[in-house]
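Working notes, beginning with the structure itself.
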Amino acid sequence: MTEIAPKAIGIENVDQRDVWGPFDIIGDVHGCAGELETLLARLGYDVRWSGTPGAVSVRVTPPIGRRAILVGDLVDRGPRSPDVLRIVMSMVESGAALAVPGNHDAKFSRWLDGKDVAATHGLDRTIAQFEAETKAFCKSVREFFGSLPNYLWLEGGRLAVAHAGIKDSMLGRNSGEVRRFCLYGETDGETDEFGLPIRYHWAAEYRGQTAIVYGHTPVPTAGWVNNTLCIDTGCVFGGKLSALRWPEREIVAVAAERVYTVPVRPFGHPPLRPGAQA
Ligand SMILES: [Mn+2]
């Protein structure tokens with residue numbers, strides 16, 4: 001397999017078909033830095049912290065030839081969102097990882113921009129954790145999130161990674177509609193009995209040739225549905241932090257150290273869109 005460094009990844013660079021794995025695709029971290037370090041170690045990455053409080057840095061060395069991909073939702077709900085960002089930003093900077101944004105990352109970015117956003121769904125914790133951080137770090141986080149492509153289309157087109165998923169017809173395209181689907185999945189603007197936005201099981205209708213790996217909706221165990229795999233196993237809710245080793249198609253998972261946030265909605269795929277054919 002050819003080792004090609006990714007092009008300068010920017011928000012428009014969704015088409016990375018000339019970039020090949022092997023990859024370790026990691027689910028929603030949500031501030032669970034301890035479990036992220038444990039998972040990276042299990043996958044053979046060397047994580048090394050240095051510096052002193054107030055000036056910490058981290059260097060992650062991947063196994064030779066491998067690269068991680070984070071499916072987004074790095075922040076909110078969990079105990080150490082700034083440290084998760086230190087790890088992932090360092091990995092992206094060194095070429096040890098690629099990443100796409102999640103809806104929580106996008107909302108936290110808007111807060112960093114000074115926009116008026118509701119500090120709900122665990123954003124309150126991230127904001128509290130960032131009170132101890134420098135302006136320079138906040139600025140680098142904002143730039144980092146602003147640089148992430150909405151999704152990644154990889155390996156000659158046979159693999160794509162998007163936070164909440166992507167439709168076959170959207171691959172290779174980039175627009176507000178594509179960004180919304182990548183961040184939120186299939187929704188109709190309504191909320192359910194838990195006060196959360198109603199989601200639909202887009203993957204049940206997926207018929208594409210491109211394997212889609214995504215997160216966003218915690219499931220008890222990562223498993224293939226058609227040609228898609230949800231790798232979010234709800235670590236922050238006391239589940240597991242999971243990775244898909246690609247192309248091996250092997251799942252590596254570490255258990256959450258504790259329940260950081262009590263889930264309001266049970267784990268599992270959402271219902272089919274009304275009228276959809278599974
Ligand atoms: Mn999400």
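The values are calculated or read from the model by the stated rules, or taken from the named source; none is laboratory data. Just so we're clear, the structure is a prediction, and the values are computed from it rather than from any experiment. Reconstructed Cβ throughout: ideal geometry from the backbone, glycine too, with neighbour counts over all protein chains shown. All accessible areas refer to the heavy atoms of the entire protein, side chains included, with ligands and DNA or RNA removed. Shrake-Rupley method; radii C 1.70, N 1.55, O 1.52, S 1.80 Å.
Below is a table of values for the structure above.
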{"read-out": "Qualifying helices (runs of 4 or more DSSP H) (wholly inside the range 87-204; at least 1 residues being at pLDDT 95 or above and farther than 30 Å from H269 by Cα)", "value": "103-112, 123-130, 135-147"}
{"read-out": "Residues that are under 19 Å from E205 (Cβ atoms) and open to solvent by 70 Å² or more (accessible area, probe 1.4 Å), drawn from the range 173-187", "value": "R173, E177, R180, Y184"}
{"read-out": "Qualifying positions in the range 47-63 - open to solvent by less than 60 Å² (accessible area, probe 1.4 Å) and either charged (D, E, K, R) or part of a loop (DSSP other than H, G, I, E, B) (or both)", "value": "P62, P63"}
{"read-out": "Residue match in the range 206-215 (condition: away from the ligand (no atom under 16 Å from the Cβ), free of Cβ contacts under 8 Å to residues at least 60 places away in the same chain and under 18 Å from H121 (Cβ atoms))", "value": "no"}
{"read-out": "Residues satisfying the stated conditions in the range 154-183, i.e. at positive phi and charged (D, E, K, R)", "value": "E155"}
{"read-out": "Those residues of the range 121-149 which are polar (S, T, N, Q) and open to solvent by less than 10 Å² (accessible area, probe 1.4 Å), in sequence order", "value": "T126"}
{"read-out": "Residue selected from the range 150-172 under the condition more than 16 Å from the ligand (Cβ to nearest atom) and without any contact (Cβ under 8 Å) to a residue 60 or more places away in the chain, by the criterion most open to solvent (accessible area, probe 1.4 Å)", "value": "R158"}
{"read-out": "Subset of the range 64-86 that is part of a helix (DSSP H, G or I) and open to solvent by less than 30 Å² (accessible area, probe 1.4 Å) - its residue that is farthest from the ligand (Cβ to nearest atom)", "value": "P82"}
